[in-house]
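Take a look at the structure below.
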Amino acid sequence: FGLFDNIAASDAASDSADRSVAQAQEDARRSLAALTAERDAAQKRAARADQLAREGRTNADMFQRQYKAGTRSVIEVAGLVETMARLEESRIAAHFELARAEIDIARALGLLADGDKI
């Protein structure tokens, strides 16, 4: 190889490296966009779960008052309390999913500490 061949090979390697870096940056942008969309969806689900759990608690309180007043049966109150418990469980799961999505974004951005290096 001559000097010009070495320069051409060096330029080709540099161009290849530039393309690899550009591809990696694009992949990272796409990944972050997907994680952000996932987090946004999780936020909406958590907000909806909060609303449903609040409504469930309100209904359970109302049913208990109605039971004490004699207009509801124990079975009706128990059924509603079970429903309220499921709604609360869903609310907690939705918030866990949201926290997980936020951790995934932090990991992708390199914001998490490496416990092995602390």
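Every number here is computed from the coordinates shown, using simple stated rules; none is lab data. Note that this is a predicted model, so its numbers are computed, not measured. Counting neighbours? That spans all protein chains shown, and the Cβs are built from the backbone with ideal geometry, glycine included.
Values computed for the structure shown
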quantity	calculated
Where N is the number of residues in the chain, Cα Rg divided by 2.2 N^0.38 Å	2.06
For the chain, built as a Gaussian network whose Cα springs stay under 10 Å, the top-fluctuating residue of 22, 41, 99	22
Alpha-carbon Rg with Dmax, taken over the range 14-61, Å	20.7, 70
Tilt relative to the chain, helix 3-68 - C-alpha long axis, 0 to 90 degrees, to 10	0
Farthest positive-ward along the chain dipole, Cα basis, beta-carbon charges - from 84, 46, 94	84
Between the range 1-38 and the range 40-116, the Cα center-to-center distance that results, in Å	46
Degrees, to the nearest 10: 74-108 long Cα axis against longest axis of the chain	10
